[in-house]
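Written below as structure tokens is the structure these notes are about.
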Amino acid sequence: MAIRRAMSGRTAVVGARSMSSWWRSVEPAPKDPILGVTEAFLADPNPDKVNVGVGAYRDDNGKPVVLECVREAERRIAGHLNMEYLPMGGSVKMVEETLKLAYGVNSELIKDKRIAAVQALSGTGACRLFADFQKRFRPDSQIYIPVPTWANHHNIWRDAHVPQKTYHYYHPESRGLDFAAMMDDIKNAPNGSFFLLHACAHNPTGVDPSEEQWREISHEFKVKGHFAFFDMAYQGFASGDPERDAKSIRIFLEDGHYFGIAQSYAKNMGLYGQRVGCLSVLCEDEKQAVAVKSQLQQLARPMYSNPPVHGALIVSTILSDPDLKKVWLKEVKVMADRIIGMRTALRGNLEKLGSPLSWQHITNQIGMFCYSGLTPEQVDRLTNEFHIYMTRNGRISMAGVTTGNVEYLATAIHEVTKSASTC
């Protein structure tokens, strides 16, 4: 009996010891470079501090914005609609309206039901769902990702266990597109490769192919039999015109490609926290689309079961009402125009200061971000000496630039770059 008690005691000690070591090997995760910028900004007590690191729109007073069309949609929704679970594929109405934005209001593909589409957890969720779909049904494939790209793209396909390769995109010397090298990489990739493309307002560079270059890219994809997956996070937010921003998609449609699209309403409707988006895959016929959609829903089931309802109600309410949609189109143009105006102002202030460098790329680039060409050391000086916060790759979120801080920002950039022959 005594032996049994002693053995039992030893077992309890060993058990407690093994339980206490379950998570001992876990190390802190590295900080997200973008969120880390915000944390440092918030901790800085300096009243003149400026945050141009975060990709969220701000008005000219530096304040977050809720669009009036969103306010009106919420007024209509409040107290009138239930909050039951959505199907695994999400809101049918929201998905239908979202497809019209990407494929065209009168798209025959929509009418013929050739597009498999599901509501997703914004653009990130749409990318991840497609990455898992790619892994499950094309397990030996890989994905070609541009250099540079939004950092989370690498995380998404890595965690879906899809091997990654890169292709040339940005040309540091010209602050523009390295089109020749990009085309070489497309030509040299194995036939039938998957490529991640930014549909418009490339993140982080703000550098997009011209219409003619998109046509050449589409032609080469056709020759090689590549599959394009478009991440379209900024439709309407880039130029102020959703139709213009969908030009790359329409070119690929004209050329008869099969492709996928991730869409998001974070930027163009300001629904950052609602996590509302859509994943669509263009298929050969309705039968194939039904099969693909069923598999996308199967993948979603163990991930999150079904998507949230509130953001989907907001989007479908706005896009299905002609008058409310007009308000949205006007508001999204106001946001885009403000950012375009801040690009002009920043460049103008730098040139007025007598900078020896060319800042033409600020206005040549488009969308929320300006890939400034600032070095990590210059960014560190901006932070330490001027309390200006951005990611160390020199990406400036133009949404954080206002008429109140643009002169100060330009002066600080001039100070840290004036002794450099290039930046």
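The values are calculated or read from the model by the stated rules, or taken from the named source; none is laboratory data. Fair warning: this is a prediction, and the values are worked out from it, not measured in the lab. Every residue, glycine among them, receives a Cβ derived from its backbone with ideal geometry; neighbour counts consider all protein chains shown. The area values use the complete protein model at the heavy-atom level, side chains included, leaving out ligands, DNA and RNA. Shrake-Rupley method; radii C 1.70, N 1.55, O 1.52, S 1.80 Å.
Does the range 230-244 contain any residue that is in contact with a strand residue (DSSP E or B) (Cβ under 7 Å, 6 or more places away or on another chain), under 20 Å from M183 (Cα atoms) and either without any contact (Cβ under 8 Å) to a residue 40 or more places away in the chain or open to solvent by less than 40 Å² (accessible area, probe 1.4 Å) (or both)? Looking through the range 230-244, at least one residue is in contact with a strand residue (DSSP E or B) (Cβ under 7 Å, 6 or more places away or on another chain), under 20 Å from M183 (Cα atoms) and either without any contact (Cβ under 8 Å) to a residue 40 or more places away in the chain or open to solvent by less than 40 Å² (accessible area, probe 1.4 Å) (or both).
Of all residues in the range 330-367, those that are assigned to a helix (DSSP H, G or I), open to solvent by 40 Å² or more (accessible area, probe 1.4 Å) and within 22 Å of D208 (Cα to Cα) total 9.
Just wondering, is there one or more residues in the range 187-205 that are outside any helix (DSSP H, G or I), among the charged types (D, E, K, R) and open to solvent by 10 Å² or more (accessible area, probe 1.4 Å)?
Going residue by residue through the range 187-205, those that are outside any helix (DSSP H, G or I) are 189-205.
Checking which are among the charged types (D, E, K, R) leaves us with none.
Scanning the range 187-205 turns up no residue that is outside any helix (DSSP H, G or I), among the charged types (D, E, K, R) and open to solvent by 10 Å² or more (accessible area, probe 1.4 Å).
S248 meets the conditions (1) in contact (Cβ under 8 Å) with a residue 12 or more places away in the chain; (2) more than 20 Å from L279 (Cβ to Cβ); (3) touching a strand residue (DSSP E or B) at 6+ places or on another chain (Cβ under 8 Å) in every case but one. The failed one is (2). Pairs meeting the criteria (first residue in the range 82-108 and in contact (Cβ under 8 Å) with a residue 40 or more places away in the chain, second residue among the small types (G, A, S) and surrounded by fewer than 16 Cβ atoms within 10 Å (Cβ to Cβ), beta carbons under 6 Å, at least 6 apart or on different chains) are E97/S320. Under the condition of being touching a Lys or Arg at 6+ places or on another chain (Cβ under 6 Å), open to solvent by less than 70 Å² (accessible area, probe 1.4 Å) and not in a strand (DSSP E or B), the residues counted in the range 115-172 number 6.
Check the range 368-384 and report whether any residue there is in contact (Cβ under 8 Å) with a residue 60 or more places away in the chain and among the aliphatic types (A, V, I, L, M). Step through it out loud before you land on a result.
Initially, the range 368-384 is screened for residues in contact (Cβ under 8 Å) with a residue 60 or more places away in the chain, giving 368-371, 373, 383.
If we keep only those that are among the aliphatic types (A, V, I, L, M) as well, we get 368.
Yes.
For first residues located in the range 42-58 and among the polar types (S, T, N, Q), partners that are assigned to a loop (DSSP other than H, G, I, E, B) and open to solvent by 20 Å² or more (accessible area, probe 1.4 Å) and lie 6+ apart or on another chain with Cβ distances below 6 Å form the pairs N46/H387.
Are any of the residues in the range 321-329 within 22 Å of R175 (Cα to Cα), among the acidic types (D, E) and open to solvent by 10 Å² or more (accessible area, probe 1.4 Å)? Outline the logic, then answer.
We begin by selecting, within the range 321-329, every residue within 22 Å of R175 (Cα to Cα); these are none.
Checked the range 321-329: no residue is within 22 Å of R175 (Cα to Cα), among the acidic types (D, E) and open to solvent by 10 Å² or more (accessible area, probe 1.4 Å).
Kindly establish whether G55 is over 30 Å from G404 (Cα atoms) and open to solvent by less than 60 Å² (accessible area, probe 1.4 Å). Step through it out loud before you land on a result.
Details: over 30 Å from G404 (Cα atoms): no; open to solvent by less than 60 Å² (accessible area, probe 1.4 Å): yes.
The answer is no for G55.
Within the range 265-278, track down each residue that is open to solvent by less than 10 Å² (accessible area, probe 1.4 Å) and of a type in the set (S, T, N, Q). Answer for the range 265-278, where residues must be open to solvent by less than 10 Å² (accessible area, probe 1.4 Å) and of a type in the set (S, T, N, Q): just N268.
Within the range 222-231, does at least one residue satisfy the condition of being under 21 Å from G367 (Cβ atoms), acidic (D, E) and assigned by the TED database to the domain that holds A102? If you could, list the steps in order and put the result at the bottom.
Taking the range 222-231 as the starting set, the residues that turn out to be under 21 Å from G367 (Cβ atoms) are 228-231.
Within this subset, residues satisfying the condition of being acidic (D, E) are 231.
Narrowing further to those that are assigned by the TED database to the domain that holds A102: 231.
Checking the range 222-231: at least one residue is under 21 Å from G367 (Cβ atoms), acidic (D, E) and assigned by the TED database to the domain that holds A102.
With respect to the conditions (1) under 20 Å from S193 (Cα atoms); (2) surrounded by fewer than 22 Cβ atoms within 10 Å (Cβ to Cβ); (3) not hydroxyl-bearing (S, T, Y), P64 lacks only one, and its number is (1).
Looking for whichever is open to solvent by less than 50 Å² (accessible area, probe 1.4 Å) and assigned to a loop (DSSP other than H, G, I, E, B) here; the options are T383, T402. Which one fits?
Numbers: T383 fails: assigned to a loop (DSSP other than H, G, I, E, B).
Answer to the selection: T402.
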